[in-house]
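The values are calculated or read from the model by the stated rules, or taken from the named source; none is laboratory data. In this text the structure is predicted, and so the values were computed from the model without any measurement. Neighbour counts are summed over all protein chains in view; Cβ atoms, including those assigned to glycine, are modelled from backbone coordinates with ideal geometry. Heavy atoms of the whole protein, side chains included, go into the accessibility calculation; ligands, DNA and RNA do not. Shrake-Rupley method; radii C 1.70, N 1.55, O 1.52, S 1.80 Å.
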Amino acid sequence: QVQLVESGGGLVQPGGSLRLSCVASRSIFSIISMGWYRQAPGKERDLVATITSGATNYAESVKGRFTIARENAENTLYLQMDSLKPEDTAVYYCHARPSSGINYWGKGTLVTVSS
């Protein structure tokens, strides 16, 4: 059962922008925290940004360039990515943690930053 679905990935030139979206199934009740993580081939999955009760947290490498936002009524998470760099290339995963404490993960969307 797919409960988190990411979209918006693709190929973009360095300096360009993309906006990722993640739609959470309404069957996931009382989501407390959501976030974006990314993983490049041969590398570890790392935190990009999280949002919990309106409070945001960003990896140092994306501060000032990425913005995370959530529309609670639609159960949708966004990641606005500006000034993209080649090192941002990765599969981006959506994450959600409801009050139950269960961790939900999407299957990822690929972002490729290249000329």
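Quick look at the numbers
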| read-out | value |
| --- | --- |
| Where a residue in region 86-115 is at positive phi and without any contact (Cβ under 8 Å) to a residue 24 or more places away in the chain and its partner, wherever it lies, is open to solvent by 80 Å² or more (accessible area, probe 1.4 Å) and in a strand (DSSP E or B), with Cβ under 8 Å and at least six apart | none |
| Residue in region 95-106 that is open to solvent by less than 40 Å² (accessible area, probe 1.4 Å) and of a type in the set (Phe, Trp, Tyr) present | no |
| Filter pass, residue 51 being part of a strand (DSSP E or B), free of Cβ contacts under 8 Å to residues at least 40 places away in the same chain and under 19 Å from residue 110 (Cα atoms) | no |
| Residue ranges of strands (runs of 3 or more DSSP E) in region 57-100 with at least 2 members touching a Lys or Arg at 6+ places or on another chain (Cβ under 6 Å) | 76-81, 90-98 |
| Region 1-34, subset of a type in the set (S, T, N, Q) and more than 11 Å from the chain's Cα centre (by Cα), residue most open to solvent (accessible area, probe 1.4 Å) | 1 |
| Meets criteria (open to solvent by less than 40 Å² (accessible area, probe 1.4 Å) and of a type in the set (Gly, Ala, Ser)) for residue 55 | no |
